[in-house]
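The values are calculated or read from the model by the stated rules, or taken from the named source; none is laboratory data. Since the model is a prediction, treat every value here as computed from it, not as a measurement. Glycine also receives a Cβ, built like all others from the backbone with ideal geometry; neighbour counts cover every protein chain displayed.
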Amino acid sequence: MTPAPDVEAIVKSQEETLEEWCRTLLRAFELEDADIDIDAVLSLAGVAAHSVVRPAAPLTTFVAGLAAGLAAGSGDSDRAAAMDSALALARKLSKEYAAENSAAPGNTVETDAG
């Protein structure tokens, strides 16, 4: 009988992989000093996927990141505030989209309670 995989080790490995990948991306884009809240980005992706449709997850996170980058680059906001604002707005819009579209007959869009 094969022993069950250590779930904590698998999760830790996934977290480590995401952190390493994030650092790789930041280096490649010369953004090493950027502080990325991976959990916040993944949470937004989950909300978008469940509130709109699954492919909305990468699209939503990309547009939120683009908006944050433009706001920070224009000097309207510092990086952290720009990212927090963009993530919050995208999360709000995703939930509003779900609420508006779940009222339609036959629509079964899932929403995130969090």
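Answer yes if at least one residue in the range 14-27 is over 13 Å from the mean Cα position of the chain (by Cα), in contact (Cβ under 8 Å) with a residue 24 or more places away in the chain and more than 24 Å from ASN101 (Cβ to Cβ), and no otherwise. For the range 14-27, residues over 13 Å from the mean Cα position of the chain (by Cα), in contact (Cβ under 8 Å) with a residue 24 or more places away in the chain and more than 24 Å from ASN101 (Cβ to Cβ): absent.
Out of everything in the range 75-94 that is of a type in the set (S, T, N, Q) and assigned to a helix (DSSP H, G or I), what residue ends up being nearest to ASP35 (Cα to Cα)? Don't jump to the end; show me each part of the working.
Taking the range 75-94 and keeping what is of a type in the set (S, T, N, Q), we get 77, 85, 94.
Cutting the leftovers down to assigned to a helix (DSSP H, G or I) gives us 85, 94.
Values: SER85: 15, SER94: 24 Å.
Per the stated criteria, the residue is SER85.
Taking each residue of the range 47-68 that is part of a helix (DSSP H, G or I) and looking for partners that are of a type in the set (S, T, N, Q) with beta-carbon atoms closer than 7 Å, six or more apart or interchain, yields VAL47/SER94; ALA48/THR60; ALA48/SER94; HIS50/THR111; SER51/SER94; SER51/THR111; THR60/SER94. Of all the criteria given as (1) surrounded by 11 or more Cβ atoms within 10 Å (Cβ to Cβ); (2) of a type in the set (S, T, N, Q); (3) modelled with pLDDT of 95 or more, the one not satisfied by SER102 is (3).
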